[in-house]
Amino acid sequence: MGKTASTPLMTPERQKQALEAKRERNARIKQYGFLAPLKAIRAKCLDCQGEGESWVRNCDLHECPLWPYRMGRKPTERDLLVAQISVVGEVDGHKHLSEVRAEEAGEPR
């Protein structure tokens, strides 16, 4: 889901690091019974993208309600705008990239 052909595969060392990070999250959940909300969203995004941090960073599922929060921190204004454009279609004159490309190609909406 969300992975592109140009996304490199994880190296064995990176796979080991990702597995260790997942074990730490699971240990934290067992110890405290929960994760902080942004950490929980980050964990879900890592799970969705197959534990690949670069895949989470480059995730193109802008319609996902968690997308602006995927990096485990408060979203930037740009991330919020991209997510809003993906859902609404146009915000303050900014159009979704697919609409811009369709207009450039001369395709009807």
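The values are calculated or read from the model by the stated rules, or taken from the named source; none is laboratory data. None of the values given here were measured: they were computed from a predicted structure. Quick reminder, even Gly has a Cβ in these numbers, built from the backbone with ideal geometry, and neighbours come from all protein chains shown.
Miscellaneous remarks
- Here is the figure for the stretch 49-67: residues that are in contact with a His (Cβ under 9 Å, 6 or more places away or on another chain) and either under 12 Å from Pro37 (Cα atoms) or modelled with pLDDT of 85 or more (or both) total 0.
- Condition check for Ala40: among the hydrophobic types (A, V, I, L, M, F, W, C), on the phi < 0 side of the Ramachandran plot and at pLDDT below 85: no
- Residue in the stretch 29-43 that is surrounded by 13 or more Cβ atoms within 10 Å (Cβ to Cβ), in contact (Cβ under 8 Å) with a residue 12 or more places away in the chain and within 19 Å of Ser86 (Cα to Cα) present: no
- In this structure, Glu107 does not qualify as of a type in the set (D, E, K, R), assigned by TED's automatic domain parsing to the domain that holds Ala18 and at pLDDT below 80.
- Qualifying residue in the stretch 73-81 (condition: farther than 30 Å from Glu103 by Cβ and polar (S, T, N, Q)): no
- Scanning the stretch 57-82 for residues that are among the β-branched types (Val, Ile, Thr) and not in a helix (DSSP H, G or I) gives a single hit, Thr76.
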